[in-house]
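The values are calculated or read from the model by the stated rules, or taken from the named source; none is laboratory data. Source: prediction; values computed, not measured. Cβ placement follows ideal geometry from the backbone for every residue including glycine, while neighbour counts extend to all protein chains displayed.
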Amino acid sequence: MIKNIFAKMNSGQNINNINADLNALQTAIQELKILEAKSIAAQHLANTETILKDLNKAEFKVFSQWGDDGIIQFLVDYLAIEHHTFIEFGVENYVESNTRFLLMNNCWKGSVLDGSETNINQIKKSNLYWQYHLQAKCTFIHKDNINTLISEYSNQKELGILVIDVDGNDYWIWEAIDVVQPTIVIVEYNSLFGNERAITIPYQSNFRRTEAHHSNLFYGASLKALQVLAATKNYALVACNNNGNNAFFVRKDQLKGLKELSVKQAYKQATFRESRDQQGKLTYLNFDDAVQVIKGLSVFNIESGQVEPF
């Protein structure tokens, strides 16, 4: 197929024909990735005892940014979740997300929210929107509207998976949610905040990461802050992905043998380098240098209830 596409390009064929072939190729590649992931997921379930000792061994990527698809698939298969529903915040155009594989592989029903109208329109125009039970809404999420937004899509307490990735008020939004009790909650954490302090950005309803600090590094909450909050909501920390940005929590009445981890056991430093200079260009700072860039900025300490310097 690739040779045919290049041949058509070299012969000057109509661009619409070439685009149709490219779309067909993309679909074929996607189907092969899903088929391979199914096989890997089955192997993981067959080796449950090994995976339970270290959920990172289950990692694989189909549509997730990192290895989250594999962890999610193992948890879903192992826990045998009754309610096959999800809600994910901050999905951009949904090409890369934590619930897309679940939608396509397991045929779960889901709702996705993003602050960009362009992104949401792109989702609604995609084949996913008619092939699967998916709803999409453009909205800027904050702690005062989150329960109303969730209630538009779920009229019952039980929910399979909730994914929170808004690059900012993640802690505050999860704290505010009380209309659903997901079996699994996946929340982004900022590994630059370390594994010792329970801290988050101070709440601002209109917080935007790119405006908060030129480095693009000042956002979200520490893993410990999320773990402290999780305990109040009866959730256990069971894993962080190897790339160091997402934490996985399971409701304690659904653990079924999963091991609850301490913050130090689960914490992973971010492997990616996303720091920016004042012109918005990537600077590729290593972890320690990136921490220094945001030193001194004001954070909120969950345990003391005080604003203090990072």
Practice problem: Filter region 124-141 down to residues that are without any contact (Cβ under 8 Å) to a residue 60 or more places away in the chain and in a loop (DSSP other than H, G, I, E, B), then give me how many there are. | Solution: 6
Quiz item: Which pairs have Cβ atoms under 7 Å, sit 6 or more apart or on different chains, and link a residue in region 152-172 that is under 22 Å from residue 250 (Cβ atoms) to one that is part of a loop (DSSP other than H, G, I, E, B) and among the polar types (S, T, N, Q)?
Solution: 161/99; 163/98; 163/99
Self-check item: Pairs with Cβ under 7 Å, 6+ apart, first in region 15-34 and in a helix (DSSP H, G or I), second modelled with pLDDT of 70 or more and aliphatic (A, V, I, L, M)
Solution: 33/62; 34/62; 34/104
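Do we have residue 191 as of a type in the set (Gly, Ala, Ser) and without any contact (Cβ under 8 Å) to a residue 40 or more places away in the chain here?
Details: of a type in the set (Gly, Ala, Ser): yes; without any contact (Cβ under 8 Å) to a residue 40 or more places away in the chain: no.
No.
If the requirement is being in contact (Cβ under 8 Å) with a residue 12 or more places away in the chain and either closer than 21 Å to residue 286 by Cα or of a type outside the set (S, T, N, Q) (or both), which of these qualifies: 231, 239?
Of 231, 239, the one residue that is in contact (Cβ under 8 Å) with a residue 12 or more places away in the chain and either closer than 21 Å to residue 286 by Cα or of a type outside the set (S, T, N, Q) (or both) is 239.
Scan region 142-199 for residues that are assigned to a loop (DSSP other than H, G, I, E, B) and not acidic (Asp, Glu) and report the count.
Filtering region 142-199 down to residues assigned to a loop (DSSP other than H, G, I, E, B) leaves 142-145, 154-157, 165-169, 177-180, 189-190, 194-198.
Going one step further and asking which of them are not acidic (Asp, Glu), we end up with 142-143, 145, 154-157, 166, 168-169, 177, 179-180, 189-190, 194-195, 197-198.
Qualifying residue count, region 142-199: 19.
When the residues of region 55-101 are narrowed to those that are of a type in the set (Ser, Thr, Tyr) and part of a loop (DSSP other than H, G, I, E, B), which ends up surrounded by the most Cβ atoms within 10 Å (Cβ to Cβ)? Please lay out each step first, then the result.
Our first condition is that a residue be of a type in the set (Ser, Thr, Tyr); within region 55-101, this holds for 64, 78, 85, 94, 97, 99.
Still in the list and also part of a loop (DSSP other than H, G, I, E, B): 64, 94, 97, 99.
Details: 64: 25, 94: 23, 97: 25, 99: 28.
Among residues in region 55-101 that are of a type in the set (Ser, Thr, Tyr) and part of a loop (DSSP other than H, G, I, E, B), the one surrounded by the most Cβ atoms within 10 Å (Cβ to Cβ) is 99.
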Practice problem: Determine the pairs where a residue that is among the small types (Gly, Ala, Ser), located within region 254-267, has a partner that is modelled with pLDDT of 95 or more and surrounded by fewer than 18 Cβ atoms within 10 Å (Cβ to Cβ) with Cβ atoms under 8 Å apart, the partner being 6 or more residues away or on another chain. | Solution: 257/52
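For region 264-288, which residues satisfy the criterion of being within 16 Å of residue 246 (Cα to Cα), out of contact with any Cys (no Cβ under 8 Å at 6 or more places or on another chain) and in a loop (DSSP other than H, G, I, E, B)? If you could, list the steps in order and put the result at the bottom.
Restricting attention to region 264-288, the residues satisfying the condition of being within 16 Å of residue 246 (Cα to Cα) are 264-274.
Remaining after also requiring out of contact with any Cys (no Cβ under 8 Å at 6 or more places or on another chain): 264-265, 269-274.
Residues satisfying the conditions are 269, 270, 271, 272, 273, 274.
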Quiz item: Of all residues in region 102-118, how many are part of a strand (DSSP E or B) and more than 18 Å from residue 180 (Cα to Cα)?
Solution: 1
Quiz item: Given the residues 85, 99, which is the only one that is of a type in the set (S, T, N, Q), touching a Lys or Arg at 6+ places or on another chain (Cβ under 9 Å), closer than 19 Å to residue 124 by Cα and modelled with pLDDT of 95 or more?
Solution: 85
Exercise. Could you please find all residues in region 289-310 being under 26 Å from residue 238 (Cα atoms) and among the acidic types (Asp, Glu)?
Key: 303
Practice problem: Output the qualifying pairs, or none if there are none: Cβ atoms under 7 angstrom, residues six or more apart or on different chains, first residue in region 208-227 and surrounded by fewer than 23 Cβ atoms within 10 Å (Cβ to Cβ), second residue of a type in the set (Lys, Arg). | Solution: 214/276; 215/276; 216/209; 216/276
Quiz item: If the Cβ limit is 8 Å and pairs must be 6+ apart or interchain, which residue in region 294-310 that is within 17 Å of residue 195 (Cβ to Cβ) and in contact (Cβ under 8 Å) with a residue 40 or more places away in the chain pairs with which residue that is of a type in the set (S, T, N, Q) and assigned to a loop (DSSP other than H, G, I, E, B)?
Solution: 294/215
